[in-house]
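Accompanying notes for the structure given below.
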Amino acid sequence: QRQRRPGGGVSMPFSVCVKDRMMYSHTFTFDDGVPFTTGCTAVVTATFEGAALGPYDILIDILVAQRLLREVMELYDHKNLDALQEFARPDGSRRNTTVEVMAQAVYRQLHSRLQAHHHSVLATDGKGLGAVTAMHIKLEESDVALASYWEEARPEGLFSACAVGS
């Protein structure tokens with residue numbers, strides 16, 4: 001029997017995980033309005049799920065997943081997140097780059113890179129990453145605190161539609 005995931009979705013029988021880490025600094029501002037600057041070493045796990053294996057009996061090429069996750073980590077690694085335009089609001093204020101916000105940012109950046117990879121291999125093998133139906137990002141800021149972000153599994157394949165949800 002498949003496990004139910006938070007939010008009511010169903011886990012797929014196949015999964016592949018890759019991990020990497022990044023270190024960054026950032027400033028939080030809460031109700032008191034007093035900025036609090038801190039740093040974080042985050043361990044990121046990207047999990048890919050699918051109901052069946054794709055070409056060559058793999059869900060996703062682990063080397064590709066590792067390389068693309070590393071590309072995403074380099075966007076934030078040893079950076080001050082306060083200086084990145086990605087986290088600015090339209091009014092110029094800054095988002096608090098909490099672990100939840102960072103898990104979503106990693107998801108979106110990785111999804112975009114995997115979408116491009118999918119289209120490049122789709123022309124070669126006719127399948128691309130069609131077996132991947134879900135991706136889940138877990139961002140650990142310590143051994144006792146983490147946040148995650150995922151979007152509902154799509155039976156037709158995570159990369160069959162170009163847009164990622166907001």
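The values are calculated or read from the model by the stated rules, or taken from the named source; none is laboratory data. These figures come from a predicted structure and were not determined experimentally. Methodologically, a virtual Cβ is constructed for each residue, glycine included, from the backbone with ideal geometry; neighbour enumeration extends over all protein chains shown. Just the protein is used for accessible areas: all its heavy atoms, side chains included, with ligands, DNA and RNA removed. Shrake-Rupley method; radii C 1.70, N 1.55, O 1.52, S 1.80 Å.
A few points about this structure:
- Residue within region 82-89 that is under 14 Å from Val44 (Cα atoms) and of a type in the set (Phe, Trp, Tyr) present: no
- Residue match in region 60-72 (condition: in a loop (DSSP other than H, G, I, E, B) and without any contact (Cβ under 8 Å) to a residue 40 or more places away in the chain): yes
- Among the residues of region 107-123, none qualifies, meaning not one is open to solvent by less than 60 Å² (accessible area, probe 1.4 Å), over 14 Å from the mean Cα position of the chain (by Cα) and at positive phi.
- Scan of region 134-146 for residues that are among the hydrophobic types (A, V, I, L, M, F, W, C), more than 19 Å from Arg70 (Cα to Cα) and either at pLDDT 95 or above or not in a strand (DSSP E or B) (or both), ordered by number: Val144, Ala145, Leu146
- A single member of Gly157, Gly92 is part of a loop (DSSP other than H, G, I, E, B), surrounded by fewer than 16 Cβ atoms within 10 Å (Cβ to Cβ) and among the small types (Gly, Ala, Ser), and it is Gly92.
- Phe28 open to solvent by 70 Å² or more (accessible area, probe 1.4 Å) and either at positive phi or modelled with pLDDT under 95 (or both): no
- Among residues that are at pLDDT 95 or above and among the basic types (Lys, Arg), Arg108 is included.
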